[in-house]
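Report on one structure; see the data block that follows.
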Amino acid sequence: MRGGATRKVAIISDSVACLNRELAEKYEIEIIPINFYVGGKIYRDWVDVTPSEAYQLFLQDPDSFRTSTASPAECLEIFRQAGKRAPNILCVTLSSGLSTLYNSANDAVEIARDELPGINIKVIDSHSATPAEGMIALAAARAAADGKDIEEVARLAEEVKGKVSALILLDTMRYVYRSGRVPRVASVLGSALSIRPILSVSGTVHFAGLARTRKQGVERIVHMMQERLGNRPAHIAVTHAYAPEEAGKLMSRVASEFNCVELWLSEFSPVMGYACGTGTVGTAFYSDN
């Protein structure tokens, strides 16, 4: 906690928020792990394996890779942990348009009314995912660290929710049919033609553009960011799916071309990576102004 403030609110998010461990630990953000299946085994994202290890498993057997949202019981267990630290809990989930986690968390809230008396729990649908969701949770966690009450913490989270954007460049269309947004035949054809889609996340996943090369795709992402941010002070995150070198290059470019008040690097959750594939890079960003 900063400045000796007393913590009134504990913050929870999920592994699809793509927070790195340093930030999650610094701001005491509890993480609900999303489950995935590969090679006949069940893994908890964030807990059992790192994203890099998950992508290694994915590459060994991509066709067996499946995901499953956290159950109300799994959400309740994280609520129990957070309830030991504060009498109020704010839980920021990935978009209800992409997952049923928001519903699971609310079901867990109903169970918690009897099991955790005296603990006030509020769930916010981020309408997002990737580090864009993570930025909403971070804004809430910083407010909580300053001793704000749950109403103010939730207000600030909603404020960032209305500002933050995410742009994701896929290196292949081979697996994008798994998102439910693209027919499999189009996914196969796009992969054969080496088309790289640029996606945005707002409620659900949307196409924001196409590129024939990674270089062209990165140029388009940077251009879209410049159109939205200009030279205003900006919070920016760079994320990648098993592409640390490309992410490092993008990180350096962002640092040199934008007025960053915050810049951090994360690994793209394999829970989303199973539909995007390895080689994915992207950004999340917003300005306070």
*asked:* All but one of (1) open to solvent by 20 Å² or more (accessible area, probe 1.4 Å); (2) in a helix (DSSP H, G or I) hold for Leu250; state the number of the condition that does not hold.
replied: (1)
*Hey, Asn289 hits all of (1) of a type in the set (S, T, N, Q); (2) touching a strand residue (DSSP E or B) at 6+ places or on another chain (Cβ under 7 Å); (3) not in a strand (DSSP E or B) but one; which does it fall short on?*
(2)
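Here's the yes/no breakdown for (1) part of a loop (DSSP other than H, G, I, E, B); (2) under 16 Å from the mean Cα position of the chain (by Cα); (3) at pLDDT 95 or above:
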position: Ile198; (1), (2), (3): no, no, no
position: Val205; (1), (2), (3): no, yes, no
position: Gln216; (1), (2), (3): no, no, yes
position: His235; (1), (2), (3): no, yes, yes
position: Glu245; (1), (2), (3): no, no, yes
position: Ser256; (1), (2), (3): no, no, yes
position: Val271; (1), (2), (3): no, yes, no
*Matching residues, region 31-79, being of a type in the set (A, V, I, L, M, F, W, C) and under 30 Å from Pro117 (Cα atoms)*: Ile31, Ile32, Ile34, Trp46, Val47, Ala70, Ala73, Cys75, Leu76, Ile78, Phe79
_Against the definition (within 22 Å of Ser200 (Cβ to Cβ), of a type outside the set (D, E, K, R), modelled with pLDDT of 95 or more and in contact with a Lys or Arg (Cβ under 6 Å, 6 or more places away or on another chain)), how does Ile124 come out, yes or no?_
no
*Taking Leu101, is it farther than 26 Å from Tyr274 by Cα, in contact (Cβ under 8 Å) with a residue 12 or more places away in the chain and under 19 Å from the mean Cα position of the chain (by Cα)?*
no
_Cβ-Cβ distance below 7 Å, separation of 6 or more or different chains: which pairs start in region 198-226 with a residue that is β-branched (Val, Ile, Thr) and end on one that is assigned to a helix (DSSP H, G or I) and buried (at least 19 other Cβ atoms within 10 Å of the Cβ)?_
Ile198/Gly217; Ile198/Ile221; Val201/Thr130; Val201/Ala132; Val218/Leu250
*Identify, please: which residue in region 159-196 is in contact with a Gly (Cβ under 6 Å, 6 or more places away or on another chain) and in a strand (DSSP E or B) and is, among those, modelled with the lowest pLDDT?*
Arg196
*Single residue of region 140-168 satisfying the filter (charged (D, E, K, R) and farther than 23 Å from Ser99 by Cα) that is surrounded by the most Cβ atoms within 10 Å (Cβ to Cβ)*: Lys148
*Please note which strands (runs of 3 or more DSSP E) are completely contained in region 25-139 and include at least 1 residues that are among the β-branched types (Val, Ile, Thr) and open to solvent by 10 Å² or more (accessible area, probe 1.4 Å).*
29-32, 41-44, 66-68, 120-125
*Could you grab me the full set of residues in region 1-24 that are modelled with pLDDT under 95 and part of a loop (DSSP other than H, G, I, E, B)?*
Met1, Ala5, Thr6, Arg7
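The values are calculated or read from the model by the stated rules, or taken from the named source; none is laboratory data. Small disclaimer: the values here were computed from a predicted structure and weren't measured. All Cβ positions, glycine included, derive from the backbone under ideal geometry; neighbour counts span all protein chains shown. These accessible areas exclude ligands, DNA and RNA; they are computed on the full protein's heavy atoms, side chains included. Shrake-Rupley method; radii C 1.70, N 1.55, O 1.52, S 1.80 Å.
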